[in-house]
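Engineer: After the C-alpha cells below, expect a handful of questions from me.
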Amino acid sequence: MTDFLKRTPVIWTLFVLMIVIGLGFGVFRTAVGGTYLDTSASAIQAREIVAGMTEAQRNAHFWVTVLLDTAYPLAYGGFLAGMALRFFGSFGKAAAVPAFATIIVDLTENTVQALALNGSANFLDTKEWLTPLKFGLFFLAAAIAFVALIIAIINLLRRKPA
C-alpha cells in the first residue's frame with residue numbers, strides 16, 4: 001500500500017480528487033442547510049445543527065457524509081501520506097502516520113455524524129475530542145506534506161543542469 005501511494009500518478013490523482021471532492025461540499029451546502037457538522041467541535045452546537053434541520057436537509061447531509069465525506073479523507077489523507085512516503089525517504093512511513101491517523105479519525109467522526117443524522121444513535125459528545133483531533137492531525141499532516149513539497153522542489157532543481 002505504501003509503495004502504491006508514493007507513485008507520482010497516484011499522488012496527482014489523489015490531489016485532483018481532493019480538490020474535486022472539496023468543491024462538491026460547496027455544491028451541496030444549501031441542500032444540507034448551510035452548515036456541515038464537520039465544522040463544529042461542540043456537541044451542543046452539533047445537536048443544535050441537527051435539530052434545526054428539516055428532514056430533507058438531514059437526509060441530504062447523511063448522504064453527503066456517507067458518500068463525499070467518506071471519499072474525502074481517503075483522497076486528502078492518501079495524498080498527504082503519499083507526499084510523506086515519497087519525499088521523506090527512510091522516514092517516510094513515520095512521516096505518514098499523522099495522515100493515516102487523520103483518515104481513521106475523520107471516518108470515525110463521519111460515522112458518528114451519520115448515525116446522528118439518520119437518528120439511529122447519538123454519539124455527538126465524541127465530537128468534543130474527535131473534531132479537534134481530526135483537525136490537529138490534518139494540519140500536522142499538511143505541514144509534513146508542505147515540507148515534502150519543498151524537498152521535491154529542491155530535488156527537482158538539483159537535477160536540472162546549470
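Engineer: Relative contact order for the range 1-159 using alpha-carbon pairs under 8 Å, separation at least 6, rounded to a whole percent?
Structural biologist: About 28 percent, as a whole number.
Engineer: Rounded to the nearest percent, how much of the accessible area of the chain (1.4 Å probe, protein heavy atoms only) is carbon and sulfur?
Structural biologist: 72 percent
Engineer: For the range 1-159, what Kirkwood radius comes out of the mean inverse Cα-Cα distance, in Å?
Structural biologist: 16.4 Å
Engineer: Accessible area per residue, 1.4 Å probe, Å², for the chain: what's the number?
Structural biologist: 55 Å²
Engineer: Pop out the ³J(HN,Hα) list for the range 33-39 in order, Karplus 6.51 cos²θ - 1.76 cosθ + 1.60 with θ = phi - 60°, rounded to Hz; leave Gly and Pro as x.
Structural biologist: 3J(HN,Hα) across the range 33-39, in whole Hz: x, x, 10, 8, 4, 4, 7.
Engineer: Right, another one. If r is the Cβ-Cβ distance from Thr2 to Asn59 and R0 is 30 Å, what FRET efficiency results, to the nearest 0.05? Working shown, then result.
Structural biologist: Numbers: r = 38 Å, r/R0 = 1.26.
Efficiency computed from Cβ-Cβ geometry: 0.20.
Engineer: Separate question: Place the peptides 139-149, 57-67, 3-13 in order of packing, highest mean first, counting for every residue the other Cβ atoms within 10 Å and averaging per peptide.
Structural biologist: 57-67, 139-149, 3-13
Engineer: Ranked highest first by the average count of other Cβ atoms within 10 Å around their residues, in what order do 14-20, 110-116 fall?
Structural biologist: 110-116, 14-20
Engineer: Are there DSSP H segments in the chain that both extend 30 Å or more along their axis (alpha-carbon positions) and score a mean Kyte-Doolittle hydropathy of at least -1.0? List them, or say none. All intermediate terms of the calculation are to be shown ahead of the outcome.
Structural biologist: Details: long enough: 8-28 (31 Å, 2.23); 92-117 (37 Å, 1.02); 127-159 (47 Å, 1.45).
Helix filter hits for the chain: 8-28, 92-117, 127-159.
Engineer: Another question, then. Compare the peptides 124-132, 86-94 by average per-residue count of other Cβ atoms within 10 angstrom and give them in order, highest first. Could you put the intermediate results ahead of the total?
Structural biologist: Values: 124-132: 17.6, 86-94: 14.8.
Descending mean neighbour count gives 124-132, 86-94.
The values are calculated or read from the model by the stated rules, or taken from the named source; none is laboratory data. Just so it is clear, the structure is predicted and the values come from calculations on it, not from any experiment. For neighbour counting, all protein chains shown are included, and Cβ atoms are generated from backbone atoms with ideal geometry for every residue, glycine included. Keep in mind that these areas ignore ligands, DNA and RNA; they rest on the heavy atoms of the full protein, side chains included. Shrake-Rupley method; radii C 1.70, N 1.55, O 1.52, S 1.80 Å.
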